[in-house]
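Student: Can you read through this structure? Questions will come right after.
The values are calculated or read from the model by the stated rules, or taken from the named source; none is laboratory data. A quick note: this is a predicted structure, and the numbers were derived from the prediction, not measured. Don't worry about glycine lacking a Cβ; one is built from the backbone with ideal geometry, like all the others, and counts go over all protein chains shown. The accessibility values were calculated without ligands, DNA or RNA, using every heavy atom of the protein model including side chains. Shrake-Rupley method; radii C 1.70, N 1.55, O 1.52, S 1.80 Å.
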Amino acid sequence: MNVNATLIGQIIAFAVFIWFCMKYVWPFLIKAMDERQKKIADGLEAANRAERDLKLAQEKATTQIREAKEQASDIIEQANKRASQLIDESKEQARKEGERLKAAAQAEIEQEVNRAKEQLRQQISALAVAGAAKILETSIDEKAHSELINKLAEEL
Amino acid sequence: MAGSSTDYIKHHLTNLTYGKLPEGYERVDHDGNREVLQEGTWTFAHSAQEASDMGFWAFHVDSLGWSIGLGILMMWFFRRAAKKANSGVPTGFQNFVEMLVEFVDKTVKETFHGRNPIVAPLSLTIFGWVFLMNLMDLVPVDIIPKVMELAGVPFQKIVPTTDPNITMAMAITVFTMMIYYSIRVKGIGGFMGELALHPFNVKNPFLQALFIPVNLFLEIIALVAKPISLGLRLFGNLYAGEMIFILIALLFSAGLALGLLGGVLQWAWAVFHILVITLQAFIFMVLTIVYLSMAHEDH
């Protein structure tokens with residue numbers, strides 16, 4: 001426990017270590033730590049910003065989806081309307097066409113009937129002439145009686 | 001038994017001293033042979049008596065060796081961390097050093113409000129170094145001295161902070177810095193004024209002149225007490241701790257039961273000592289910061 005030159009040796013060693021620490025240790029570590037701190041702060045800020053952006057984008061997306069849905073339902077409604085309209089139109093058309101066809105058919109039928117009647121009348125007149133000839137057993141002068149027979153046939 | 005206990009303790013408290021024995025000095029070796037030196041000789045002291053007879057120009061080789069060794073180890077560690085330091089993700093060892101640096105930096109910023117780039121690295125050096133030197137106290141007291149003795153080295157004290165030279169050297173360095181920065185910040189007049197005009201300060205110049213010697217006396221004592229208390233506090237705590245380790249170690253030679261008790265006590269004291277070690281390193285650092293902060297304050 002003597003006080004001796006150890007004191008001086010230790011003072012020198014201490015001074016050297018302080019100098020070394022000040023020159024080669026402290027500034028590097030502090031610099032790195034400050035840089036990291038800044039980096040982390042920047043990173044956190046960026047994260048916050050990104051979160052805000054994300055929220056905005058989500059809101060925008062939601063709005064767009066809602067709008068799209070509305071549009072789609074509008075379109076569907078319109079299409080439905082149009083479809084029923086088309087159906088109605090074609091029904092109407094079909095009905096008219098049917099009626100027209102029916103009318104045409106009826107007209108034709110009437111025509112056919114008339115023609116048949118005419119034929120019938122002619123055949124009857126011929127038959128009548130033939131019948132009368134048979135009855136009279138004489139040939140009738142066709143020219144002389146045709147007017148009479150035709151008149152008869154028309155009366156039928 | 002009493003004699004051997006005393007010898008054991010004395011042996012543990014003697015530093016390995018290298019110094020000059022004066023001409024005509026009578027050395028007594030283990031076998032009782034006497035030898036008178038013909039001329040002044042630089043040599044290792046073979047006994048506590050020889051060590052104290054070497055006077056001021058002697059070195060405690062063990063204290064200096066361990067303290068400088070630990071200092072170099074610490075600086076090597078710190079330097080490695082400083083080289084690898086970048087703003088990326090720190091890992092393991094890097095993290096540990098940065099934690100230490102941040103802790104010191106925070107302590108300095110809380111206490112020291114001036115601008116001085118030396119204070120923070122100084123504090124880190126003090127904290128790390130004193131802690132490591134104190135840590136040697138946890139190495140079981142007999143291991144290294146015994147090994148050294150087998151290797152032919154007569155004494156070995158491995159805890160540098162139990163050597164008042166070491167702690168006082170650090171305190172004196174801090175004291176020198178205190179004086180230096182006091183004068184640099186306040187000027188020589190300001191510094192002198194601080195010593196001469198406090199604590200008794202009166203308007204009347206005649207009365208003030210009477211008070212100046214009293215003030216000087218009080219302030220100089222207060223000033224000098226700072227490094228002395230700083231150095232001796234660390235020394236005292238560690239010396240006492242070491243002493244208790246040695247006393248407990250005495251139990252090992254007192255039979256099986258007491259030896260076991262000694263083992264338990266060693267362990268318990270070591271656990272408690274972890275606190276003392278850290279606390280003393282921290283106190284030394286904080287007081288250094290406080291003293292330097294006072295040196296920078298201009299009234």
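Student: Given a 1.4 Å probe and the protein chains all in place, what does the accessible area of residue B:113 round to, in Å² to the nearest 10?
Tutor: Approximately 140 Å² of residue B:113 is accessible to the 1.4 Å probe.
Student: Which helices, counted as full DSSP H runs in chain B, have an axial Cα extent of no less than 24 Å and a Kyte-Doolittle average of -1.0 or above?
Tutor: Counting only whole DSSP H runs, the qualifying helices are B:61-84, B:92-111, B:164-196, B:205-250, B:256-296.
Student: If you don't mind, another one. Residue A:151: which lysines have alpha carbons under 28 Å from its alpha carbon, excluding same-chain residues fewer than 8 sequence positions away?
Tutor: A:117, A:134, A:143
Student: Gap in Å between the Cα centre of the stretch B:5-39 and the Cα centre of the stretch B:73-104?
Tutor: Here the two parts' Cα centres lie 45 Å apart.
Student: First check a/c for the stretch B:92-213, with a ≥ b ≥ c the square roots of the eigenvalues of its C-alpha gyration tensor; if it is under 1.5, answer rounded, and if not, answer prolate when a/b is larger than b/c or oblate otherwise.
Tutor: Here the stretch B:92-213 falls in the oblate category.
Student: Another question about this same structure. What helices does chain A have that are whole DSSP H segments, at least 15 Å long along their own axis by Cα, and with mean Kyte-Doolittle hydropathy of -0.5 or more? Could you put the intermediate results ahead of the total?
Tutor: On the way: long enough: A:6-20 (21 Å, 2.17); A:26-136 (158 Å, -0.82); A:142-155 (19 Å, -0.97).
Helices meeting the span and hydropathy rule in chain A are A:6-20.
Student: Report P(r) for the stretch B:151-299: all Cα-Cα distances, bin width 5 Å, range 0 to the bin holding the largest distance, values in whole percent.
Tutor: 2, 8, 13, 14, 13, 11, 9, 8, 7, 5, 4, 3, 2, 1, 0, 0
Student: May I pose another question? Considering all alpha-carbon pairs of the protein assembly as shown, what whole percent are spaced by more than 36 angstrom?
Tutor: So the pairs more than 36 Å apart make up 60 percent of the total in the protein assembly as shown.
Student: Across peptide B:76-84, what mean number of C-beta atoms from other chains lies inside 10 Å of a residue's C-beta?
Tutor: 4
Student: A further question on this structure: If you project the alpha carbons of chain B onto their three principal axes, what span does each projection cover, largest first, in Å?
Tutor: Rounded to whole Å, the extents work out to 72, 60, 39 Å.
Student: For chain B, what does the helix formula give at 222 nm: sum of -39500 (n - 2.57) over DSSP H segments with n ≥ 4, over the residue count, nearest 500 deg cm²/dmol?
Tutor: Values: 9 runs with 206 residues, N = 299.
One gets -24000 deg cm²/dmol as the mean residue ellipticity at 222 nm.
Student: Work out the charge dipole of the protein assembly as shown with +1 on the Cβ of Lys and Arg and -1 on the Cβ of Asp and Glu about the Cα centre, then indicate which of B:66, B:270, B:92 is farthest towards its positive end.
Tutor: Selected residue: B:66.
Student: Could you work out what % of the accessible surface of the stretch B:151-233 is carbon and sulfur, using a 1.4 angstrom probe and leaving DNA, RNA and ligands out of the count?
Tutor: Solvent-exposed carbon and sulfur of the stretch B:151-233 make up 78 percent of the total.
Student: Going by the alpha-carbon gyration tensor, a ≥ b ≥ c the square roots of its eigenvalues, is the stretch B:1-86 rounded (a/c under 1.5) or, if a/c is not under 1.5, prolate (a/b greater than b/c) versus oblate?
Tutor: Judged from the Cα gyration tensor, the stretch B:1-86 comes out oblate (a/c at least 1.5, b/c at or above a/b).
Student: Hey, another quick one. With a 1.4 Å probe and every protein chain left in place, work out the accessible area per residue of the protein assembly as shown in Å², rounded to a whole number.
Tutor: Normalised by residue count, the accessible surface of the protein assembly as shown is 61 Å².
Student: As a quick test, which of the pairs A:39/B:83; A:38/B:84; A:31/B:226; A:23/B:226; B:84/B:109; A:38/B:106 have an alpha carbon distance above 22 angstrom in this structure?
Tutor: A:31/B:226; A:23/B:226; B:84/B:109
Student: Keeping the other protein chains in place, figure out the carbon and sulfur percent of the accessible area of the stretch B:6-66, with a 1.4 Å probe. Numbers along the way, then the final one.
Tutor: Numbers: 1910 of 3570 Å².
For the stretch B:6-66, the apolar C and S fraction of the accessible surface comes to 53 percent.
Student: Which is the longest stretch in chain B that no exposed loop site breaks, taking sites as trypsin sites (Lys or Arg not before Pro) with a DSSP loop state and at most 12 other Cβ atoms within 10 Å?
Tutor: B:1-114
Student: Ballpark to the nearest 100 Å², how much total accessible area do B and A bury together, probe 1.4 Å?
Tutor: That pair of chains buries around 3700 Å² in total.
Student: Let me ask you something else. Could you name every residue in the stretch A:26-40 that has 10 Å² or more less accessible surface in the full protein assembly than in its own chain alone (probe 1.4 Å, ligands and nucleic acids excluded)?
Tutor: Buried by the other chains: A:26, A:28, A:29, A:30, A:32, A:33, A:35, A:36, A:39.
Student: For the stretch A:1-136, which semi-axes, largest first and in whole Å, follow from the square roots of 5 times the eigenvalues of its Cα gyration tensor?
Tutor: In descending order, the three semi-axes are 125, 14, 7 Å.
Student: Please list B:218, B:150, B:238, A:127 in order of solvent-accessible area, largest first, computed with a 1.4 Å probe with all protein chains present.
Tutor: Result of the area sort, largest leading: B:150, A:127, B:218, B:238.
Student: Out of the stretch A:59-156, which GluC sites (Glu not before Pro) are coil in DSSP terms and have no more than 14 other C-beta atoms within 10 Å?
Tutor: Loop-located and lightly packed - A:137.
Student: For residue A:60, list the aspartates and glutamates whose Cα falls under 19 Å from its own Cα; do not include residues on the same chain fewer than 8 positions away.
Tutor: Candidates past the 8-residue exclusion: A:51, A:70.
Student: Something else about it: Taking a ≥ b ≥ c as the square roots of the eigenvalues of the Cα gyration tensor of the stretch B:49-124, is the shape rounded (a/c under 1.5), prolate (a/b larger than b/c) or oblate?
Tutor: Judged from the Cα gyration tensor, the stretch B:49-124 comes out oblate (a/c at least 1.5, b/c at or above a/b).
Student: For the stretch A:44-156, give the percent of accessible area contributed by carbon and sulfur heavy atoms, probe 1.4 Å, rounded to a whole number. It would help to have the intermediate numbers written out before the result.
Tutor: Values: 5710 of 10280 Å².
It is 56 percent, rounded to a whole number.
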